[in-house]
Amino acid sequence: MTETVASVDLDKIISLCKRRGFLFQSSEIYGGIASTWDYGPLGVELKRNVKDAWWKTMVWGRDDMVGLDSAVIMNPDVWRASGHVDAFSDPLVECKSCHQRWREDQLEEHKCPDCGGELTDTRLFNTMFKTFMGPVEESASVVYLRPETAQGIFVNFNNVLNATRKKLPFGIAQIGKAFRNEITTGSFIYRTREFEMMEIEYFVQPGEDEEWHQRWIEESVRWYTDLGIDGERLRVRPHDPEELSHYSKATSDIEYHFPWGWGEIQGIANRTDYDLKAHSEASGESLAYFDAGSGERVVPYVIEPSAGVDRAVMSFLVDAYTEEEAPKASGGTEQRTVLKLHPALAPVKVSVLPLSRNERLVPLARKVYDEVRGSGLVQGYVQYDDAQSIGRRYRRQDEIGTPLCVTVDFDSLDDDAVTIRERDSMAQERVPIAGLSQALATRL
Ligand code: GAP
């Protein structure tokens, strides 16, 4: 473990997120609602960039993958067949004194962590959210909010196969919201009741599943490290047999070292043929694959890399958060906070800063800003920032992780050039305004 691992303070990150518009407590003016968060102007860019980076690697970057966007509310028979109605439960205990409820498997001792009171016996609590479809609130109209996006993929297996003519092995990817009525939540956006998932169901020939499981564990870890996550803060942890979900033959979690310790950010499960068989039996429609080579129908095995978008966002934020000493223009040093986010994830790619609001500088700075924004070469959000001193603006941009700043100064009026300042090294380089967008795109 590196020294920085221990020194990251979650409260500082939460405070930065609120102050700079990454995340707000949901319904804040009404006192909020437990563990529910809204993504602000910068958070929404970061989250979109995380999902885009994942889609780019996992779908566009491969020739064995297609996408899907299935509904949140599905026929409740889906959840009966998948085993979720019977088995998607957590062990619940309640304190007999203060009536606080806890997840029994997360307690170190069998007593209330708040008041030390005696706990009730454990009962299983199904964490699927229920609601009613249509205007009648009766048992016949109960539907569920999906607790995973995976089932939308399984029940569309034949549709996707017929539409795409994919051959084994191939995968279907989906990004979308999931809902779980968690008994305990907390640690900012780590465990919430509404969250987003990035899931792949990868269909393989039975017998090739173990090899593909291993390959997907490696691919998945590489995605995080390619986007800048420190490999020392990641580990792969295979599940003990008693931990496995009802559908899994083997699962490994990718864990990140958060300020409070190791926490799961992604699971990679070998779901075998459990789901396709269960839906075939329950629906009466065969979800099998015709293997032209052997002339036989096979029910594929499934490897499932399943990542939480919000947990990925949180691990990128924690990993990028850095405090360091930086030289001041007036001499000496000062502390600066920098989000050293990978440029592909940074919410603002480039910020254009006129040295001051001087009336001679502003038209040129605006022109540069419009040119960079409109060029199509810099992919992402470009900002114009002219409030406060240039030093404070650099600090502000560092704090939100902007990889490049472009400064328009009085020399720019004569030499048609501007300064590009790089976030991490703080190195500055003079470049001609003609060709600026290309120069920025190359650096990003
Ligand atoms: N389809 C497989 C599946 O749902 P999971 O391990 O239960 O597997 C996958 O969930 C990922 O979803 C987790 O690794 C985590 O990143 C994220 N996740 C699960 N529950 C969450 C919650 N309550 N809040 C935020 N993210 C959650």
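Here are the numbers:
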{"item": "Partner lysines for LYS277 [C-alpha distance under 17 Å; skip if fewer than 8 residues away on the same chain]", "result": "LYS249"}
{"item": "Cα gyration tensor, segment 351-427 - rounded (a/c under 1.5), prolate or oblate", "result": "oblate"}
{"item": "Segment 308-353 shape via C-alpha gyration tensor axes, a/c threshold 1.5", "result": "oblate"}
{"item": "Rounded tilt (10° steps) of 209-226 against the dominant C-alpha axis of the chain", "result": "20 degrees"}
{"item": "Degrees separating the helix 274-283 axis from the principal Cα axis of the chain, which is the longest one", "result": "60 degrees"}
{"item": "Cα-based Kirkwood hydrodynamic radius, the chain, one decimal, Å", "result": "24.6 Å"}
{"item": "Those aspartates and glutamates that a straight Cα-Cα span of less than 12 Å connects to LYS18, excepting residues fewer than 8 apart in one chain", "result": "GLU28, ASP38"}
{"item": "Prolate/oblate/rounded label for segment 235-292 (Cα gyration tensor, a/c 1.5)", "result": "prolate"}
{"item": "Largest-first principal axis extents, alpha carbons of segment 72-218, Å", "result": "60, 46, 28"}
{"item": "Cα-based convex hull volume of segment 295-382 per residue, rounded to whole Å³", "result": "179 Å³"}
{"item": "Alpha carbon Rg of segment 281-330, scaled by the compact-globule rule 2.2 N^0.38 Å", "result": "2.61"}
{"item": "Segment 1-155 - percent relative contact order, Cα under 8 Å, separation 6 or more", "result": "17 percent"}
{"item": "Cβ-based exposure ranking for LYS166, LYS349, LYS249, in which fewest neighbours within 10 Å come first", "result": "LYS249, LYS166, LYS349"}
{"item": "Once the Cα gyration tensor of segment 33-105 is diagonalised, semi-axes √(5λ) in Å", "result": "35, 23, 12"}
{"item": "Separation of alpha-carbon centers, segment 379-444 and segment 243-262, rounded to whole Å", "result": "41 Å"}
{"item": "Sparse-neighbour loop sites [chymotrypsin sites (Phe, Trp or Tyr not before Pro); segment 254-345; at most 11 other C-beta within 10 Å; DSSP]", "result": "TRP260"}
{"item": "Exposure rule at most 16 other beta-carbon atoms within 10 Å, DSSP loop GluC sites (Glu not before Pro): the chain longest free segment", "result": "1-107"}
{"item": "Helix-derived mean residue ellipticity, 222 nm - over the chain, DSSP H n ≥ 4, -39500 (n - 2.57), to 500", "result": "-8500 deg cm²/dmol"}
{"item": "Exposure proxy ranking, count of Cβ atoms within 10 Å, fewest first, for PHE410, PHE129", "result": "PHE410, PHE129"}
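Every read-out reported here was derived from the displayed coordinates using simple, explicitly stated rules and does not represent laboratory data. Note that the structure is a prediction, hence the values are computed from the model and not measured. Cβ atoms come from the backbone with ideal geometry, glycine included; neighbour counts cover every protein chain shown.
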